[in-house]
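Data first, discussion second: the structure below is written as structure tokens.
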Amino acid sequence: MKGLPGLYGKEKDQMLGRAQKKRVVLTPYYLMIPPQFLIWAVVIFPLIWAVYISFHDWNPTISPERTFVGIWNYVTVFRDERFLSALLRMLYYSGVGVTIQLFLGTAIALALVEYVRSERLRTFLLVLFLLPMMMAEAVAAQMWTLLITDTGTINNILVWLGLNPIGWRSRELALTTLMIVDIWQWTALPLLIAYAARISIPESLYESSRLDGASRWLILRKITLPYMRVPLAIAFLLRFMDSYKFLDKVFIMTYGGPGTATELPTFYLYQTAFSYFKVGYGAAMSWIFGIIAVIGMFFFWRLAKVQ
Amino acid sequence: MEEVRIRNVTKRFGKKVALQGVSAPIPKGSFFCILGEPGAGKTTLLRIIAGLEIPEEGEIFFGDQDVTLVPPQRRNVAFVFQDFALYPHMSVFENIASPLRLKGLSEEAIRKKVVEVASFLKIEKLLDRLPNFISGGERQRVAIARALVKEPTLCLFDEPLVNLDYKIREDMRAQFKLMQRELGQTIVFATPDPIDALSMADIVLVLHEGRVQQMANVWEAYKRPANVFVGKYLGFPEMNIFEGRVSRSGNSLFWESKGLRLDIGSFDFLKPYEGATVLLGLRPEDIRLGDTEGADFTFEANIVLSEVVGSDTIVHLSVEGVALRAFVPQIFRRPSGERIPIGFRHEDLYFFSSQTGKNLLLQEG
């Protein structure tokens with residue numbers, strides 16, 4: 001029989017639609033065992049274990065005994081005012097904070113590209129803006145703690161300028177202070193992403209619209225921002241995810257206080273499970289917190305039309 | 001009437017001179033082609049005409065008005081970029097409509113104009129699509145539509161055919177020419193491809209390293225190239241160039257190189273070059289293969305290789321060890337080593353100075 005030119009064995013059989021002899025190759029499966037083991041051991045098993053625990057009342061410091069309570073822990077979460085107000089705080093902290101970071105970062109990135117003509121100066125400024133991001137969270141938090149005490153450097157400057165000192169760590173302001181510190185440290189991330197997105201837009205698009213007589217504002221609305229939509233959505237998401245699990249600065253700067261003024265869900269969760277040792281309740285709370293995140297992401301993804 | 005006049009334009013980027021003393025009139029309604037290698041300064045010249053760059057020296061006139069410092073949006077020019085510069089998030093309709101929206105036309109007027117220009121370019125079926133979902137040739141046409149819909153004084157094209165594949169390029173050449181003829185639009189077209197210039201242009205301006213080599217009617221430039229660069233560049237395949245010496249023998253003048261000896265007694269303008277080295281140019285398409293009747297010079301050549309290009313053939317030949325190429329506008333397969341008579345006429349010969357490269361015929365007087 002005449003064969004197809006250039007095809008041999010298996011390929012020829014496939015081309016001619018001949019049935020293949022089934023032969024199971026096991027090597028890939030063997031190779032997958034170590035990573036699979038790790039994933040199951042440190043991610044999937046704890047997740048399932050947390051579901052199991054969440055249906056129990058358990059304080060490991062008192063007894064190893066776990067009492068089955070059904071969905072009671074979940075019901076309690078929705079009645080727990082401390083958790084709900086922590087969620088509201090997070091909404092304020094993340095919503096406002098991340099939005100400001102995004103706006104500021106984008107504005108600085110655009111200004112750098114549009115107004116700083118010298119390549120060298122631009123790089124220098126970019127690095128300068130990135131510096132806070134390169135600092136460890138804990139170090140930044142410690143540094144800011146010293147700056148914002150009632151007689152700290154910032155208040156000293158305010159007094160020197162003839163203004164009233166501000167109670168940065170007061171009940172009313174503490175959460176906003178944390179937000180400001182976070183903005184100071186993390187605006188650099190959306191800035192970097194926005195900068196990369198902006199310089200990848202072909203210059204010919206700008207020149208073409210300039211030839212047609214488009215104003216700067218129109219060019220921003222019709223070219224720059226639509227082009228940067230997806231990278232900016234991703235920047236927003238990254239920062240939102242980070243702020244969702246935000247803990248370090250609360251821990252170091254305010255420890256949730258004064259009172260519960262800076263108690264964000266993660267901090268409350270941490271307290272419940274590892275200070276009060278209400279492990280079952282903590283597990284239920286973290287599952288709900290996680291599900292809220294997934295739902296939130298889903299809607300955000302739909303809204304931002306990231307494809 | 002002259003639509004645009006470029007006068008003595010010089011442009012530098014840092015230390016690099018992009019254009020040096022470029023002058024050219026661009027007549028109204030002409031297809032004006034700027035031809036040159038990559039880096040010759042074609043794009044820079046287009047950008048200066050559009051107002052996207054300001055020259056260090058010289059002026060640009062639109063009609064009687066000096067527009068050298070007039071910003072691009074007030075020049076009423078359209079620019080078709082090499083990458084087409086279509087807005088990827090806008091539909092084809094919106095892309096074409098964008099210059100009209102900026103003019104503040106009514107929605108109805110915009111729709112009418114867009115549909116009109118789109119059907120002229122046969123892209124009316126694509127109006128709802130996004131630029132990323134249409135082919136390269138179609139994208140090209142959308143970019144042209146966006147340029148034409150403005151009804152500009154001047155349409156500038158920056159190597160628009162370079163990004164297209166061979167077949168579409170051939171098709172687009174004819175379309176460009178027809179479009180220009182139908183609309184009477186003044187077009188300035190930058191290209192590195194001599195075929196573009198030969199097939200479409202009325203006037204060609206040949207640039208080399210930022211300097212004008214020649215500006216003339218395209219056939220004039222082809223028949224009477226100003227120098228050896230234009231001779232070689234404006235033509236496909238490239239002109240054959242041989243170096244040889246002009247010498248007198250008896251009553252007549254001869255041009256001699258190591259395998260060739262031509263009686264050039266009829267070229268009076270070569271008399272002053274007796275004893276000098278002179279470059280001889282011969283276009284591959286002027287060489288007759290096999291049938292040499294009517295030729296003034298005939299030789300026996302060896303076929304080295306028949307290179308079939310599409311439905312044409314470039315025949316690589318050797319005459320007494322001198323390599324030359326001939327062009328045959330059909331498929332012409334011959335075995336290597338075959339001997340074949342070749343011939344050419346007096347008027348097919350070009351002579352260039354070996355020092356300056358200038359065409360000696362044009363230098364006379």
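Per-residue 3J(HN,Hα) values for the range A:33-40, derived from phi via the Karplus relation 6.51 cos²θ - 1.76 cosθ + 1.60 with θ = phi - 60°, read 4, x, x, 4, 4, 4, 4, 5 Hz in sequence order (x marks Gly and Pro).
Here A:W287, A:W40 are placed in order of increasing Cβ neighbour count within 10 Å, fewest first, which gives A:W40, A:W287.
Under 5 Å from the amide H of A:H56 lie the amide H atoms of A:V69, each residue being 5 or more positions distant or on a separate chain, with H modelled from the backbone and absent for Pro and chain starts. With just the Cα atoms defining each centre, how far is the range A:149-199 from the range B:236-289? Give it in Å. When both Cα centres are located, 83 Å separates them. Within the same chain, lysines fewer than 8 places from B:K271 are excluded, and of the rest, those with a Cα less than 18 Å from its Cα are B:K358. For B:M90, the amide hydrogen comes within under 5 Å of no other amide hydrogen, counting only partners 5 or more places away or on other chains and with H modelled in the peptide plane. Taken one residue at a time, the phi angles of the range B:3-12 give Karplus couplings (6.51, -1.76, 1.60, θ = phi - 60°) of 6, 9, 10, 9, 10, 6, 7, 10, 9, 10 Hz. Gly and Pro are set to x. Near B:L205, the amide H atoms lying under 5 Å from its own belong to B:C33, B:I34, B:L35; only residues 5 or more places off or on other chains count, and H is placed 1.01 Å from N. For chain A, the longest piece that avoids every one of the GluC sites (Glu not before Pro) found in DSSP loops with at most 10 other C-beta atoms within 10 Å covers A:173-307.
Look at A:D212, B:D348 and count the other Cβ atoms within 10 Å of each Cβ; fewest to most, that gives B:D348, A:D212. Where only DSSP H runs of four or more residues are counted, chain A gives -20500 deg cm²/dmol as its mean residue ellipticity at 222 nm, each run worth -39500 (n - 2.57).
Restricting the range B:288-365 to GluC sites (Glu not before Pro) that sit in a DSSP loop and have at most 15 other Cβ atoms within 10 Å of their own Cβ leaves B:E293, B:E320, B:E338, B:E364.
Taking the convex hull of the alpha carbon positions in the range A:36-137 and averaging its projected area over all directions gives 11.9 nm².
In terms of distances greater than 20 angstrom between alpha carbons, the cross-link table entries B:K11/B:K150; B:K28/B:K177; B:K112/B:K150; B:K122/B:K167 yield B:K11/B:K150.
Where a number appears in this text, it was derived from the coordinates with a stated rule and is not lab data. Quantities reported herein were computed from a predicted structural model and do not represent experimental measurements. Positions of Cβ are backbone-derived with ideal geometry, glycine not excepted, and every protein chain shown enters the neighbour counts.
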